[in-house]
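Novice: This is the structure, below, for whatever I ask next.
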Amino acid sequence: MKFQLTDEQRDELKKKLEELRAALVASIEERRGEERHITHDVGDEMDEASLEGTAAMTSKLLERDVQQLGQIDRALHKMREGTYGLCEGTGLPIGYARLKLYPWARFSAEHQEEVARAQRSGVGV
C-alpha cells in the first residue's frame, strides 16, 4: 500500500508533536524541581522510606519524559528532513492512523511487531 501524507495531515501531526513537546518540557522542568526539593534529612525511617519511594517514582517519570522528548525531537527533525512518516526499518510509509495515535512512530505497525518479536526472542533486528 503506497501512501503519502497530505500537507494538511503533516501540518496536523506537526502541531500535535509541538504541543506534546511543550507539555513534556514543562513536565520535565516540574519533575526536576520536585527532585531538587526531595530531601533526605528527616528523622523518621518511615518518612525516609516514603521519600525514597517518591524520589524513585519521580526519577522514573522524569526518565520516561526525557525519552519521549527525544522521540518527539527525532520526529520533528525527520519532518524538517522530509523523511517523516517513513518506516525506519522498511522505508515504506507509516499509516496516517498510526501516526495520529503515535506521531513520533519510527516504524510501521508491521515492522514494529517484527522488532518486538525479535526483542522477545533475543534476536536483534
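The values are calculated or read from the model by the stated rules, or taken from the named source; none is laboratory data. Computed from a predicted structure; not experimentally measured. Cβ: placed from backbone, ideal geometry, glycine included. Neighbour counts: every protein chain shown. Just the protein is used for accessible areas: all its heavy atoms, side chains included, with ligands, DNA and RNA removed. Shrake-Rupley method; radii C 1.70, N 1.55, O 1.52, S 1.80 Å.
Novice: Kindly indicate whether any position in region 20-29 is at pLDDT 95 or above, out of contact with any Ser or Thr (no Cβ under 8 Å at 6 or more places or on another chain), open to solvent by 70 Å² or more (accessible area, probe 1.4 Å) and outside any loop (DSSP other than H, G, I, E, B).
Specialist: Looking through region 20-29, at least one residue is at pLDDT 95 or above, out of contact with any Ser or Thr (no Cβ under 8 Å at 6 or more places or on another chain), open to solvent by 70 Å² or more (accessible area, probe 1.4 Å) and outside any loop (DSSP other than H, G, I, E, B).
Novice: Further question: Go through region 66-114 and report how many residues are touching an Asp or Glu at 6+ places or on another chain (Cβ under 9 Å), in a helix (DSSP H, G or I) and of a type in the set (S, T, N, Q).
Specialist: Summing the residues that are touching an Asp or Glu at 6+ places or on another chain (Cβ under 9 Å), in a helix (DSSP H, G or I) and of a type in the set (S, T, N, Q) in region 66-114 gives 0.
This table checks each residue for (1) closer than 30 Å to residue 33 by Cβ; (2) touching a Lys or Arg at 6+ places or on another chain (Cβ under 8 Å).
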site	(1), (2)
58	yes, yes
70	yes, no
78	no, no
98	no, no
105	no, yes
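Novice: Cβ-Cβ under 8 Å, sequence separation 6+ or interchain: first residue in region 50-76 and farther than 15 Å from residue 103 by Cβ, partner exposed (fewer than 15 other Cβ atoms within 10 Å of the Cβ) and not hydrophobic (A, V, I, L, M, F, W, C). Which pairs?
Specialist: Qualifying pairs under 8 Å: 51/39; 51/40; 52/40; 55/35; 58/35; 59/35; 62/32; 62/35.
Novice: Residues of region 61-78 being open to solvent by less than 60 Å² (accessible area, probe 1.4 Å) and over 13 Å from residue 21 (Cβ atoms), which ones? Even if it seems obvious, please write down each step before you answer.
Specialist: As a first pass, look at region 61-78 and keep what is open to solvent by less than 60 Å² (accessible area, probe 1.4 Å): 61-62, 65, 68-70, 72-73, 75-76, 78.
Residues satisfying the conditions are 61, 62, 78.
Novice: Of 58, 54, 39, which residue is modelled with pLDDT under 95, more than 17 Å from residue 10 (Cβ to Cβ) and surrounded by 14 or more Cβ atoms within 10 Å (Cβ to Cβ)? Talk me through it step by step, then tell me what you get.
Specialist: On the way: 54 fails: surrounded by 14 or more Cβ atoms within 10 Å (Cβ to Cβ); 39 fails: surrounded by 14 or more Cβ atoms within 10 Å (Cβ to Cβ).
Among 58, 54, 39, only 58 is modelled with pLDDT under 95, more than 17 Å from residue 10 (Cβ to Cβ) and surrounded by 14 or more Cβ atoms within 10 Å (Cβ to Cβ).
Novice: Quick one: in region 79-117, which of the residues that are polar (S, T, N, Q) and open to solvent by 20 Å² or more (accessible area, probe 1.4 Å) is nearest to residue 10 (Cα to Cα)?
Specialist: Looking only at region 79-117, we keep the residues that are polar (S, T, N, Q), and these are 83, 90, 108, 112.
So of that shortlist, the ones also open to solvent by 20 Å² or more (accessible area, probe 1.4 Å) come out as 83, 90, 112.
Values: 83: 11, 90: 20, 112: 21 Å.
Filtering first and then ranking leaves 83.
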